[in-house]
Amino acid sequence: METIFKSFAGLFFFILLTGVGVSLIASSIQAANADRALLGYVEKIENSNYSDEVIKACRDDARMQFGNGESEALEIISSVQNGKKQVTYARATLNYYFRIPVIGYSSVHSVSSVMI
């Protein structure tokens, strides 16, 4: 009887640790995807010479992928000189949810990049 109890206890902890491990790996993949997506957005915006249409498209895409559909996920802050649309640099920040569902952890993380 003791052997059966130990076997089931060992199996339970094995399944628990496997679930936590898979959740941690999935969360780190989500963080890596956010980093890669920000680099893609920065490249698109720089190549378009800070076009308003491209910035809007990138914001919409980020909202669909990393936001909850309502909040802004991609934030672009640019410098404007002499009241004209002559951008010399900009900073892009991507906010995404970092979740570990098995233990109920959820927070908002950010990744930033400077565009020149």
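Summary table below
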item	result
Accessible area expressed per residue, the chain, with surrounding protein chains retained (probe 1.4 Å, Å²)	68
Computed label-point distance, nm, for sites THR18 and ILE77 using a 7 Å Cα→Cβ extension	4.7
Full-stretch length increase - TYR97, LEU11 - with 0.36 nm per residue and alpha-carbon distance subtracted	27.8 nm
Cα gyration tensor shape of the chain, rounded if a/c is under 1.5, else prolate or oblate by comparing a/b with b/c	prolate
Within the accessible area of the chain (1.4 Å probe), percent carbon and sulfur	60
Computed helical MRE - 222 nm, the chain, DSSP H runs ≥ 4 contributing -39500 (n - 2.57), nearest 500	-19000 deg cm²/dmol
Rounded tilt (10° steps) of 52-66 against the dominant C-alpha axis of the chain	10
Cβ-Cβ FRET estimate between ALA32 and GLU53, R0 fixed at 30 Å, reported to 0.05	0.60
The chain: angle of helix 2-47 to the longest principal axis, Cα-based, in degrees nearest 10	10
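The values are calculated or read from the model by the stated rules, or taken from the named source; none is laboratory data. Everything numeric here is computed off the predicted structure, so don't read it as measured data. Here Cβ is always computed from backbone atoms with ideal geometry, including for glycine, and neighbour counts include all displayed protein chains. Surface areas here come from the heavy atoms of the whole protein model, side chains and all, with no ligands, DNA or RNA. Shrake-Rupley method; radii C 1.70, N 1.55, O 1.52, S 1.80 Å.
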